[in-house]
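The values are calculated or read from the model by the stated rules, or taken from the named source; none is laboratory data. Remember, it's a predicted structure, so these values are computed and weren't measured experimentally. We place every Cβ from the backbone using ideal geometry, glycine too, and count neighbours over all the protein chains shown.
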Amino acid sequence: MTLYLVLLLPFVGALGAGLLRATARNVEAWLAGVVALSCAGILATYYPDMAAGRVVQVAVDWLPQYGLTFGLRLDGYAWMFAMLVTVIGALVVVYARYYMSPADPVPRFFSFLLAFMGSMLGVVLSGNLIQLVMFWELTSFTSFVLIAYWYHRTDARAGARMALTVTAAGGMCLLAGVLMMGHIAGSYDLDRVLAAADTIRAHALYPWLLTLVLLGAFTKSAQFPFHFWLPRAMAAPTPVSSYLHSATMVKAGVFLLARLWPILSGTDLWFAIVCSAGLASLLVGAYAATFQRDMKGVLAYSTISHLGLITLLLGMNSTLALVAAVFHMLNHATFKASLFMAAGIVDHETGTRDLKRLGGLYHAMPITATLAMVAAAAMAGVPLLNGFLSKEMFFAETIFAGEALWLRILLPATAILAGMFSVAYSARFIRQVFFGTAPGELPRTPHEPTRWMLLPSATLVLLCLLVGMLPGRTIGPVLDLATRAILNGERMPVYSLKVWHGLNMPLLMSAAAFIGGLAIHAWLTRLGHPEGVLTPLFRRFDGKRAFSILQVRLTRGATRLVNGISSTRLQTQLALIVVAVIAAASVATLGQLKVDLMTELAQIDPAFALLWVVGAACAIGAALQAKFHRLAALIMVGCAGLVTSLTFAWFSAPDLALTQVSVEVVTTVLLLLGLRWMPKRLAMELKNRDTMRARVRRVRDATLAIVAGLGMAMLAYVVLTQPAGPGIRDFIVKNALPGGGGHNIVNVILVDFRGFDTFGEITVLGIVALTIYKLLRRFRPAPEVMTSSAQKRDPARELPDPRDPVPKGVMLVPAIIGRLLLPMAGVVSVFFLLRGHNAPGGGFVGGLVMATGFIAQYLVNGTLWVESRLRIHPQYWIAGGLLCAAGAGCLAWFASLPFMSAIVWEPKLPVLGKLHLSSVLVFDLGVYLLVVGTTTLMLIALAHQSLRSHRRPAEAEELTSVRMVR
């Protein structure tokens with residue numbers, strides 16, 4: 001289980017770092033460093049298992065009914081990448097401690113950095129594809145907040161938005177591809193998907209899922225044509241850039257390609273897409289890096305080029321190419337992290353990264369210059385450094401990449417050309433920064449930084465040297481266990497990690513690339529090196545501009561669509577919603593409905609038929625009167641609701657009848673209070689309107705109403721005429737008592753079988769109540785309503801004193817009766833609450849009854865009088881209800897049961913005997929509290945309109961700021 005600590009520690013550390021004070025820079029750095037080193041230390045203990053070829057797996061059931069588990073899977077490849085993430089993360093933490101300014105919010109930085117580390121570890125260690133996608137999207141979010149760390153800068157905000165847009169869109173494509181893959185394999189478990197590789201490649205959906213998965217990988221690793229976001233991410237602090245480019249984020253894409261290589265590779269489609277994207281990224285990145293003025297810009301485009309090299313190798317359908325790709329992932333991480341740290345040191349000590357302003361820094365910063373030169377030489381592929389070995393393997397693979405003659409010419413030629421540009425931009429990076437003379441004054445006087453700031457870069461440079469000179473003894477075992485884990489039992493290719501393999505074609509290609517690159521650099525230097533904002537030959541192909549144009553066009557298109565289908569009229573909006581619902585229902589049921597008109601219908605009782613004739617008449621009358629006679633419409637709506645309640649009682653559904661009656665009482669009163677503040681609408685207004693348009697609108701609305709009504713009637717008829725058979729009804733009836741512990745099936749469904757749904761519904765109910773309250777706090781009634789309300793009162797008369805036993809202007813008998821109703825309502829509501837699990841009732845009905853008692857107090861005693869005596873605010877009722885419901889669900893965890901499972905306890909007491917106690921009572925209590933709180937809060941929002949209607953704004957605001965709603 002220690003493997004879970006590797007994933008958990010970074011997130012816990014992120015929370016701890018975020019809670020520390022802003023001045024605790026050393027404590028925060030120590031915390032982040034200890035977390036990274038602890039994760040690396042835990043991973044190191046698994047090396048014997050990895051060397052033996054074992055796969056370490058731990059799993060906890062997540063959604064077992066869907067075959068989903070939260071599991072971690074550690075094999076040799078995941079171990080290598082996890083070590084890369086944690087070790088380089090620890091070095092970046094040390095570097096960031098001295099790079100970040102005391103004025104920066106350092107707790108936020110280390111908190112985001114640790115969360116980023118945890119997200120990447122989640123991607124690497126996931127043993128479930130859905131879980132992998134979850135962490136994949138989390139890396140997009142955490143990189144977004146890191147890139148936008150200096151949010152006061154426009155370029156940081158723009159770069160972060162661009163990165164999130166591109167990578168999150170790719171993540172959605174990846175999710176779709178993973179869902180297809182899991183559907184074909186019959187599971188989302190990585191081992192089972194790997195075992196179904198042949199089935200996946202032979203499936204008809206393979207081209208689609210391959211395209212979607214590759215879109216996710218290419219967007220994350222900034223492969224052409226999605227490469228444009230990576231240079232804009234350079235607005236992040238340099239420690240972030242160093243980490244993002246070497247071991248995290250952009251490496252996630254190539255990590256995924258290698259992880260899924262046994263499943264997706266081996267086809268012509270894989271070769272065509274992956275090699276094309278890799279080849280384009282290799283050339284475009286190398287060429288663009290040669291003309292950048294910003295030091296980090298050079299390194300950003302070089303990252304695109306090197307990731308293109310790795311992608312090209314993975315697309316060659318060769319196991320030797322796979323070995324070379326994994327090898328270059330390791331090598332690129334070391335020299336690229338070191339180079340970014342060197343660029344950050346130069347920026348930190350001189351105040352600029354502009355190559356045109358830099359020069360001659362070797363004399364002032366000899367250690368930094370030496371470290372940067374070695375790392376740049378590794379990036380260029382100079383012998384005796386690690387980059388040379390993996391590039392030679394790359395050159396060797398391009399010679400034998402395909403059988404076609406044009407491929408055997410194109411790939412080696414392209415590889416040599418990209419190698420030339422790699423040498424050119426590496427040479428320029430070193431020469432223009434550390435040699436020659438600076439063109440002018442620098443913002444700061446350059447000098448060497450503290451040795452602790454140099455230590456991370458020096459450590460990585462040392463690794464470049466050791467791997468370059470002793471590859472077999474240093475990196476050889478790690479590379480072997482990683483590639484064996486990827487191949488998953490397939491035959492390992494034969495390869496040799498040596499510095500000297502004799503005079504062969506790859507060595508000649510390396511020599512040609514080195515000489516050609518120096519020639520290109522000399523030629524461009526003689527021409528004056530045309531650096532600029534836009535790369536030569538690519539001035540018309542600016543990815544950022546294309547992204548901005550696409551974004552603007554999408555925004556304008558969406559605006560036109562919204563303007564075309566939306567309206568400020570509520571009637572039109574409802575019509576659009578009804579049309580959308582009809583269309584969706586038609587598509588879903590087209591060809592699926594089996595209407596049996598020969599079914600013999602049950603005999604209808606004349607009294608029941610008369611009842612529904614009355615209800616239908618009330619509903620039609622409410623629709624006809626809703627526009628100009630709102631009170632009459634509300635009365636008829638209440639009558640229709642009463643008919644519905646009687647129908648439930650007629651069909652022996654007392655729970656539904658009780659609920660419907662309670663809802664009708666509460667909603668009728670609340671709507672009545674709301675109607676008071678709506679302006680009166682007169683029929684004379686129609687004289688000024690176009691009669692034809694009004695008729696067309698009426699015909700439209702009548703047609704929609706008839707179609708929707710007939711559709712619902714047909715659906716109800718189809719459901720009722722279906723032959724009864726074993727199904728969910730029989731399961732619920734059979735298991736309500738033994739499984740749910742209750743005789744009331746309706747209540748057992750709500751608080752047990754569908755407890756999680758009910759919890760979501762009451763959460764939404766609480767949000768709606770808070771939203772209504774907030775909106776009505778800013779709502780002002782129509783001027784004519786406020787005027788008429790003020791005229792009904794005596795302006796000279798003061799408002800009632802809340803301290804009076806009976807408020808002035810309130811009749812004594814109704815006030816006393818209303819106060820007596822409250823304790824009675826409380827008793828009845830608690831009675832319904834306690835009996836609900838075994839008899840008609842429950843928390844919802846009880847809450848509505850209690851809310852009715854509160855409504856009576858507001859109606860007969862007034863707002864100020866009630867709120868001056870109410871001791872518990874409605875917001876506390878809502879919060880308490882949610883906590884009770886959630887706590888009842890969490891109790892199941894202590895019994896090792898799924899969330900929201902019922903726990904039954906039957907203690908034997910001396911006098912009372914055996915008691916039946918269940919956690920569903922706590923859940924029902926949460927429903928009860930929340931219903932009371934939401935109903936009362938909406939009532940308060942409406943009641944306060946009477947205080948505002950006749951007072952000045954400041955005076956009204958003071959009056960409504962009573963203890964109830966403060």
Practice task
Kindly indicate whether any position in the stretch 769-790 is at pLDDT 80 or above, within 21 Å of Val920 (Cα to Cα) and of a type in the set (S, T, N, Q).
Solution key: no
Exercise for the section: May I ask you to verify whether Ile706 is modelled with pLDDT under 80 and either in the same structural domain as Leu750 (by TED's automatic domain parsing) or of a type in the set (Val, Ile, Thr) (or both)? Expected result: no
Fill in the blank from the handout: Listed by first then second residue, the pairs whose first member lies in the stretch 560-587 and is farther than 12 Å from Asp701 by Cα, whose partner is of a type in the set (A, V, I, L, M, F, W, C) and in a helix (DSSP H, G or I), with beta carbons under 8 Å and at least 6 positions apart or on separate chains, are Ile565/Leu576; Ser566/Leu576; Ser567/Leu576; Val581/Ala708; Ile582/Leu704; Ile582/Val707; Ile582/Ala708; Ala585/Leu715
Practice task
Name, by its number, the condition in (1) under 15 Å from Arg444 (Cα atoms); (2) at pLDDT 90 or above; (3) charged (D, E, K, R) that does not hold for Lys336.
Solution key: (1)
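This table checks each residue for (1) more than 30 Å from Gln857 (Cα to Cα); (2) exposed (fewer than 10 other Cβ atoms within 10 Å of the Cβ); (3) of a type in the set (Val, Ile, Thr).
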| residue | (1), (2), (3) |
| --- | --- |
| Ser567 | yes, no, no |
| Val587 | yes, yes, yes |
| Leu593 | yes, no, no |
| Gln603 | yes, yes, no |
| Ala607 | yes, yes, no |
| Trp650 | yes, no, no |
| Thr659 | no, no, yes |
| Leu673 | no, no, no |
Fill in the blank from the handout: Just one listed residue, out of Thr267, Thr238, Thr248, is modelled with pLDDT under 95 and in contact with a Gly (Cβ under 7 Å, 6 or more places away or on another chain), and it is Thr238
Handout entry: Single residue of Ala895, Ala902, Ala851 found to be crowded, with 24+ Cβ neighbours inside 10 Å, aliphatic (A, V, I, L, M) and farther than 27 Å from Arg819 by Cβ
Key = Ala902
Problem - Identity of the residue in the stretch 8-25, touching a Phe, Trp or Tyr at 6+ places or on another chain (Cβ under 9 Å), among the hydrophobic types (A, V, I, L, M, F, W, C) and assigned to a helix (DSSP H, G or I), that ends up modelled with the lowest pLDDT - result: Ala17
Exercise for the section: Working only within the stretch 564-581, note down all residues that are more than 31 Å from the chain's Cα centre (by Cα) and among the hydrophobic types (A, V, I, L, M, F, W, C). Expected result: Leu570, Ala575
Exercise for the section: Determine if the stretch 142-152 includes at least one residue that is without any contact (Cβ under 8 Å) to a residue 24 or more places away in the chain, assigned to a helix (DSSP H, G or I) and not acidic (Asp, Glu). Expected result: yes
Practice task
Of the numbered conditions (1) part of a strand (DSSP E or B); (2) under 25 Å from the mean Cα position of the chain (by Cα), Gln57 fails exactly one; give the number of that condition.
Solution key: (2)
Practice task
Please state which one of Gly177, Gly171, Gly182 is touching a strand residue (DSSP E or B) at 6+ places or on another chain (Cβ under 9 Å), without any contact (Cβ under 8 Å) to a residue 60 or more places away in the chain and either surrounded by fewer than 21 Cβ atoms within 10 Å (Cβ to Cβ) or in a helix (DSSP H, G or I) (or both).
Solution key: Gly182
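Conditions tested, residue by residue: (1) more than 40 Å from the chain's Cα centre (by Cα); (2) assigned to a helix (DSSP H, G or I).
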site	(1), (2)
Ile345	no, yes
Glu349	no, yes
Lys356	yes, no
Tyr362	yes, no
Ala369	yes, yes
Ala372	no, yes
Ala378	no, yes
Pro383	yes, no
Phe388	yes, yes
Completion exercise
Heads up, the helices (runs of 4 or more DSSP H) in the stretch 822-895 (entirely inside) with at least 1 residues that are at pLDDT 85 or above are 843-861, 874-894
Exercise for the section: From (1) touching a Ser or Thr at 6+ places or on another chain (Cβ under 7 Å); (2) among the β-branched types (Val, Ile, Thr); (3) surrounded by fewer than 21 Cβ atoms within 10 Å (Cβ to Cβ); (4) part of a helix (DSSP H, G or I), pick out the condition that doesn't hold for Ile130. Expected result: (1)
Problem - Hits in the stretch 328-337 (condition: more than 12 Å from Leu307 (Cα to Cα) and not β-branched (Val, Ile, Thr)) - result: Phe335, Ala337
Exercise for the section: Kindly establish whether Ala623 is in contact with a Gly (Cβ under 7 Å, 6 or more places away or on another chain) and of a type in the set (Gly, Ala, Ser). Expected result: no
Practice task
Find the residue count for the stretch 556-588, including only residues that are assigned to a loop (DSSP other than H, G, I, E, B) and at pLDDT 85 or above.
Solution key: 0
Practice task
Can you confirm whether the stretch 292-302 contains a residue that is outside the structural domain of Leu358 (by TED's automatic domain parsing) and in contact with a Lys or Arg (Cβ under 8 Å, 6 or more places away or on another chain)?
Solution key: no
Practice task
Output the residue which, of all residues in the stretch 412-447 that are outside any helix (DSSP H, G or I) and among the β-branched types (Val, Ile, Thr), is surrounded by the fewest Cβ atoms within 10 Å (Cβ to Cβ).
Solution key: Thr437
Handout entry: From the options Phe135, Phe116, residue that is in contact (Cβ under 8 Å) with a residue 60 or more places away in the chain, under 24 Å from the mean Cα position of the chain (by Cα) and either surrounded by 23 or more Cβ atoms within 10 Å (Cβ to Cβ) or in a helix (DSSP H, G or I) (or both)
Key = Phe116
Completion exercise
A careful count of residues in the stretch 197-222 that are more than 23 Å from the chain's Cα centre (by Cα) and in contact (Cβ under 8 Å) with a residue 24 or more places away in the chain gives 8
Practice task
Only residues that are surrounded by 19 or more Cβ atoms within 10 Å (Cβ to Cβ) and not small (Gly, Ala, Ser): list them for the stretch 388-411, please.
Solution key: Phe388, Leu389, Lys391, Glu392, Met393, Phe394, Phe395, Glu397, Thr398, Leu411
Fill in the blank from the handout: Filtering the stretch 1-26 down to residues that are over 18 Å from Cys39 (Cα atoms) and not basic (Lys, Arg) yields Gly18, Leu19, Leu20, Ala22, Thr23, Ala24, Asn26
